[in-house]
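The values are calculated or read from the model by the stated rules, or taken from the named source; none is laboratory data. Being a predicted model, the structure only gives us computed values, none of them experimental. A quick note on method: Cβ atoms are made from the backbone with ideal geometry, for glycine too, and the neighbour counts reach across all protein chains shown.
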Amino acid sequence: MNNFPIARELVLVGGGHSHVIFLRMLGMNPVPGLKTTLISPDTRTPYSGMLPGLIAGHYQEDEAYIDLVPLCRFAGVDFIQSEVGAVDLDEQTVALSGRPAVHYDFLSLDIGSAPALDASISDSDVISVKPISTFLTRWNAFVKRFELEAVSDIGFVGAGAGGVELCLAVQYFLSKQFPDRSFRTHLFTEGKTILSEFNTSTRIRFERLLATRNIQVHREFRATSAAGGLLVSADAREVQLDEIFWITQASAQSWPSESGFDVDAAGFIHVGETLQTLSAGNVFAVGDCARMVNHPRPKAGVYAVRQGKPLFRNVMALLLGSSPKPYRPQSSFLSLISTGPQHAIASRNGFSLEGDWAWRWKNWIDSRFMKRFSELPNMHQEPENSLQAEFDDKMHCGGCGSKVAADLLHDVLKDILGESAPVDDAARIEIPAGKTLLQSVDHFRSFVNDPYLQARIALCHSVSDIYACGGTPHSVLASLTLPFGKPGVTKSLLIQILQGTVDQLQEEGAILIGGHTSEGLELSIGFTANGTVDPSDAWSKQGSSPGDVLVLTKALGTGTIFAADMRHLAKGPWVSDALLQMTRSNSDAVNIAKNFTIQACTDITGFGLAGHCLEMTRPGLGIELQLSNVPVMHGATECLHALGITSSLHEANKRSSGLSGLTSAAEILFDPQTSGGLLFSVAAEESEKLVSTLKSAGYEQASIVGQVTSSSGIQVAT
């Protein structure tokens, strides 16, 4: 854990090959005082070298993808899953979709490229390989269509290495997976030959292979239209196809040029020999999105991989006050191009060789590279570099001397809340006639490496106690501890937290009426939630009667998933799915439940499902849980059983429940939840309707998980 004051903010946009190498190097060479954030629309990034093998069926999905979430945990880096819309080079901010912009002192872009489609060709007409990060979704949809529909002719537009390799991989997979199906394969090239960037020897080998595989090559065919599967060339030739894969030279994304970056005619960002952009010395660009002015190279994964180390070296040099060093990319490289089966052709300079041995060699190189990111080392060394010299030697005060500076706090509150920002020393709350005031407080350390989402989750968690009583949230008081840092760093962090708070409050229909900020060793966020309820409509925990049915609105698993995440062992999709559920408010569930006969209610949080069920029991009243019906988050079972990871509160919850002799599957009952669901005790005859209504409203995991009995305590049925 980084408990050093923060001096600088580094933002990495994109999870490309250069950035994953950068992250691994940062994890092995941490810089105290540096706060780094990775922004990516996806939690995983595919390794382009293994994509044809994945399509051909030689690799499992996890083998061909680098998981950014555990990699960021290893590197001590915040991870924000979001699209980027622009960069403000003057204000030094990155604009994100649906959330506040992120400030940077240093910025690096590794955002890949976009499909190079002719203006007359629609995304819906073709299966574009770019962006590679989302190609697998399009590929799986194609396989499903192939399985269910009549597909006779498949075309591949683009006959460079990527197009030829994909064409062969797809044909091999379909022939092996569907041996009774017949189909024709077409390859289209704008030139007279395929693989124009390769030597004659390599081209001859592939021409021979394509002929052997009965793949028809259409030469000098520049596609200008693909509507309805009819591929039309510039010279009016037509080929009717059922599916069209698009693997032409990629184009640049539009927002860098729109943001004012110095770009080439195609929109790729100009960079110098140090990988710094020509637009700003504190901004770097690498991979497919960049073009080296003095050393232009074709778009290839090998160049992006090779840029990772010099990028790290030069960013660190600039950060620590040294001069970046020039980087000159190699002019040629060994290409190992797979041919569908476990066979490959090796090409370099004027020579080529082929055989199964070449595929094994390629597999060894690729697998060794991927292991660097799936088998992360344990790091306990003292960092060599630090930014701590930028702070004076005054000790950080406690008490009110630890508060965040007044002018900084005032500026952020005014920016976010405007005229509604609280100004008095205390908040006034007027209680409507006939209503009872509900209050609850929750506060916890940050466990999510995204302060905006952490604030939303903490707010959701806090107001759940109000909902569990059948109440309506009115307002909250915030209690924030921010890590020590320079004023600019503290301000940008506070913006993320308060904007997350305000955004979630809008969903809850409540307002921020005040709070307290202080500085400390690590980020922690808490809220005191206020709400109101009509006493006659209030729910209690212990109002159930025998025969009532228990309905749970959300799945279980946050405790074990984030315990695994802290050890950088949780997969990105598991964490992403958990975050989505944790930011799902319980407000709609309460509004739905008020139309049913709710006898009792509680929210499932730190004590786990078993512990909170125990709170609902009393002498002569017990609960029987149906274990097979309990919804479990994606990845939670793997974390609990395959990885053997439990939350620090798990064993205490298990002891408190009094349950013993259960199967291993019952361990999920003791998993502590953050921003968990509500547990309703409802009249049996209404339970199915309640569940179906909750599901229709977006609570997809809502389930009947048990019933109230006349026996004391808790029983678990499997």
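Observations on the structure shown:
- When the residues of region 354-378 are filtered to those that are part of a loop (DSSP other than H, G, I, E, B) and without any contact (Cβ under 8 Å) to a residue 40 or more places away in the chain, the one that is nearest to the chain's Cα centre (by Cα) is Glu375.
- Taking each residue of region 111-130 that is without any contact (Cβ under 8 Å) to a residue 60 or more places away in the chain and looking for partners that are part of a strand (DSSP E or B) with beta-carbon atoms closer than 6 Å, six or more apart or interchain, yields nothing.
- Complete set of residues in region 313-325 that are closer than 21 Å to His270 by Cβ and part of a helix (DSSP H, G or I): Arg313, Asn314, Val315, Ala317, Leu318
Residue-by-condition table, conditions (1) of a type in the set (Val, Ile, Thr); (2) in contact with a Cys (Cβ under 7 Å, 6 or more places away or on another chain); (3) closer than 30 Å to Leu174 by Cβ:
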| site | (1), (2), (3) |
| --- | --- |
| Leu23 | no, yes, no |
| Pro32 | no, no, no |
| Ser40 | no, no, no |
| Arg44 | no, no, yes |
| Tyr47 | no, no, yes |
| Ile55 | yes, no, yes |
| Ala64 | no, no, yes |
| Val77 | yes, no, no |
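- Pairs with Cβ under 6 Å, 6+ apart, first in region 272-292 and in contact (Cβ under 8 Å) with a residue 60 or more places away in the chain, second among the basic types (Lys, Arg): Asp288/Lys299
- Among the residues examined, Gly559 qualifies as closer than 24 Å to Leu459 by Cβ, more than 17 Å from the chain's Cα centre (by Cα), of a type in the set (Gly, Ala, Ser) and not assigned by TED's automatic domain parsing to the domain that holds Ile466.
- Taken together, Ile431, Ile466, Ile457 contain a single residue that is assigned to a helix (DSSP H, G or I) and either touching a strand residue (DSSP E or B) at 6+ places or on another chain (Cβ under 6 Å) or modelled with pLDDT under 90 (or both), which is Ile466.
- Considering the conditions (1) over 27 Å from Ile714 (Cα atoms); (2) surrounded by 24 or more Cβ atoms within 10 Å (Cβ to Cβ), Ser524 is excluded by exactly one of them, (2).
- Those residues of region 537-577 which are surrounded by fewer than 24 Cβ atoms within 10 Å (Cβ to Cβ), closer than 30 Å to Gly76 by Cβ and touching a Ser or Thr at 6+ places or on another chain (Cβ under 7 Å), in sequence order: Ala563, Pro573, Ser576
- Of the listed requirements (1) among the small types (Gly, Ala, Ser); (2) more than 23 Å from Leu334 (Cβ to Cβ); (3) in contact with a helix residue (DSSP H, G or I) (Cβ under 9 Å, 6 or more places away or on another chain), Ser182 misses just one: (3).
Rundown of residues vs (1) within 19 Å of Tyr104 (Cβ to Cβ); (2) buried (at least 23 other Cβ atoms within 10 Å of the Cβ), yes/no style:
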residue: Pro30; (1), (2): yes, no
residue: Gly33; (1), (2): yes, yes
residue: Pro41; (1), (2): yes, no
residue: Pro46; (1), (2): no, no
residue: Pro52; (1), (2): no, yes
residue: His58; (1), (2): no, no
residue: Asp62; (1), (2): no, no
residue: Leu71; (1), (2): no, yes
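- Residues of region 308-360 that are among the aromatic types (Phe, Trp, Tyr), under 30 Å from Leu275 (Cβ atoms) and either surrounded by fewer than 17 Cβ atoms within 10 Å (Cβ to Cβ) or in contact with a Pro (Cβ under 7 Å, 6 or more places away or on another chain) (or both): Tyr327, Phe333.
- Test result for Ser133, surrounded by fewer than 21 Cβ atoms within 10 Å (Cβ to Cβ), more than 29 Å from Val502 (Cβ to Cβ), among the polar types (S, T, N, Q) and under 22 Å from the mean Cα position of the chain (by Cα): yes
- The residues of region 191-205 that are small (Gly, Ala, Ser) and touching a strand residue (DSSP E or B) at 6+ places or on another chain (Cβ under 6 Å) amount to a single one, Ser201.
- Elements of type helices (runs of 4 or more DSSP H) in region 1-102, at least 2 residues being closer than 30 Å to Glu258 by Cα and under 21 Å from the mean Cα position of the chain (by Cα): 17-28, 68-75
- Within region 539-565, if we keep just the residues that are over 19 Å from Val691 (Cβ atoms) and part of a loop (DSSP other than H, G, I, E, B), the residue that is modelled with the highest pLDDT turns out to be Gly557.
- Qualifying position, being surrounded by fewer than 20 Cβ atoms within 10 Å (Cβ to Cβ) and among the aliphatic types (A, V, I, L, M), among Ala636, Ala652: Ala652
- Residue match in region 671-684 (condition: outside the structural domain of Ala468 (by TED's automatic domain parsing), over 19 Å from Thr553 (Cβ atoms) and surrounded by fewer than 20 Cβ atoms within 10 Å (Cβ to Cβ)): no
- Note on region 578-618: among residues that are among the charged types (D, E, K, R) and in a helix (DSSP H, G or I), the one that is nearest to the chain's Cα centre (by Cα) is Asp588.
- Residues of region 250-290 satisfying the condition of being among the charged types (D, E, K, R), surrounded by fewer than 20 Cβ atoms within 10 Å (Cβ to Cβ) and within 22 Å of Val20 (Cα to Cα): Glu273
- Members of region 107-126 that are among the hydrophobic types (A, V, I, L, M, F, W, C) and surrounded by 22 or more Cβ atoms within 10 Å (Cβ to Cβ): Leu107, Leu109, Ile111, Ile121, Val126
- Out of Gln240, Gln249, one residue alone is in contact with a Gly (Cβ under 9 Å, 6 or more places away or on another chain), within 17 Å of Leu117 (Cα to Cα) and polar (S, T, N, Q). It is Gln249.
- Entirely in region 252-295, the strands (runs of 3 or more DSSP E) that have 3 or more residues that are touching a Leu at 6+ places or on another chain (Cβ under 9 Å): 269-271, 283-285
- Of all residues making up region 195-233, the number that are hydroxyl-bearing (Ser, Thr, Tyr), part of a helix (DSSP H, G or I) and surrounded by fewer than 13 Cβ atoms within 10 Å (Cβ to Cβ): 2
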